[in-house]
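Participant: Below: one structure in structure tokens.
The values are calculated or read from the model by the stated rules, or taken from the named source; none is laboratory data. Quantities reported herein were computed from a predicted structural model and do not represent experimental measurements. Cβ coordinates were reconstructed from backbone atoms using ideal geometry, including for glycine residues, and neighbour counts include every protein chain displayed. Ligands, DNA and RNA are stripped out before the accessible areas are found, and what is left, the full protein with its side chains, is counted by its heavy atoms. Shrake-Rupley method; radii C 1.70, N 1.55, O 1.52, S 1.80 Å.
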Amino acid sequence: MSDPREHLHAWLRDAHAMEEQAITMLTSQSARLENYPELKAQIDKHLQETRDQAAMLERCLERVSGGTSGIKDIAAKMVAFGQGLSGLFVEDEVVKGSLASYTFEQMEIASYKILIAAAEHVGDQETKRVCETILQQEVAMAEWLDAHAAAITRKFLERDQQALTAKH
């Protein structure tokens, strides 16, 4: 693989699979959140952004290389399904879910910075524009999670201490 465009296209397929994974994880997390309405609202907002991101990446891939990778998308969804199930077995699901979400956002931020550089390198301005748009959304979600981590943790601890449902 010596053509930089081939790398860009492979990385775009990876990013699409990553967004499919995120959709599965966010859907699972949102479905179980009961006692954290602000977190649930933010996750639901980002879930819609993520669906839009997957669609934007799909259009980029159709334009440049013929489409997404079904195998990568399915594998990513399977990993996310397992991650979602793991939340059922921990007593501090909301805290661990927030941690996992923040970590995932950081991986997405790095991925989109790489994609932007690659798109710029090969002169694909449309892909660069799409990735810059997505990057802004990922940064905003990471910043929101960072700004609210302490409050989510305190609420979990307070609910748990009062023997109220704190997990989710």
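Participant: Just one of the numbered conditions (1) of a type in the set (Ser, Thr, Tyr); (2) closer than 17 Å to LEU33 by Cα; (3) touching a residue at least 60 places away in the same chain (Cβ under 8 Å) is not true of TYR102; which one?
Facilitator: The single condition TYR102 does not satisfy is (3).
Participant: Right, another one. Out of everything in segment 126-137 that is open to solvent by 50 Å² or more (accessible area, probe 1.4 Å) and free of Cβ contacts under 8 Å to residues at least 40 places away in the same chain, what residue ends up being farthest from GLN42 (Cα to Cα)?
Facilitator: Per the criteria, the residue is ARG129.
Participant: Taking the criterion of being in contact with a helix residue (DSSP H, G or I) (Cβ under 7 Å, 6 or more places away or on another chain), modelled with pLDDT of 95 or more, on the phi < 0 side of the Ramachandran plot and open to solvent by 40 Å² or more (accessible area, probe 1.4 Å), would at least one residue in segment 117-125 satisfy it?
Facilitator: Scanning segment 117-125, I find at least one residue that is in contact with a helix residue (DSSP H, G or I) (Cβ under 7 Å, 6 or more places away or on another chain), modelled with pLDDT of 95 or more, on the phi < 0 side of the Ramachandran plot and open to solvent by 40 Å² or more (accessible area, probe 1.4 Å), so the answer is yes.
Participant: Answer with yes or no whether LEU145 is touching a Phe, Trp or Tyr at 6+ places or on another chain (Cβ under 6 Å), closer than 15 Å to ALA17 by Cα, part of a helix (DSSP H, G or I) and modelled with pLDDT of 75 or more. Give the derivation first.
Facilitator: Details: touching a Phe, Trp or Tyr at 6+ places or on another chain (Cβ under 6 Å): yes; closer than 15 Å to ALA17 by Cα: no; part of a helix (DSSP H, G or I): yes; modelled with pLDDT of 75 or more: yes.
No; evaluated as a whole, the condition is false for this residue.
Participant: While we're here: In the set ILE23, ILE71, which member is in a helix (DSSP H, G or I), open to solvent by 10 Å² or more (accessible area, probe 1.4 Å) and modelled with pLDDT of 90 or more?
Facilitator: Working: ILE71 fails: modelled with pLDDT of 90 or more.
The match here is ILE23.
Participant: Only one of LYS40, LYS45 is closer than 23 Å to VAL130 by Cα, open to solvent by 10 Å² or more (accessible area, probe 1.4 Å) and without any contact (Cβ under 8 Å) to a residue 12 or more places away in the chain. Can you tell me which? If you could, list the steps in order and put the result at the bottom.
Facilitator: Values: LYS40 fails: closer than 23 Å to VAL130 by Cα.
Within the list LYS40, LYS45, the selection yields LYS45.
Participant: Next question. Need the failing condition index for TRP11 against (1) open to solvent by 40 Å² or more (accessible area, probe 1.4 Å); (2) touching a Leu at 6+ places or on another chain (Cβ under 8 Å); (3) farther than 19 Å from LYS113 by Cα, just the number.
Facilitator: (3)
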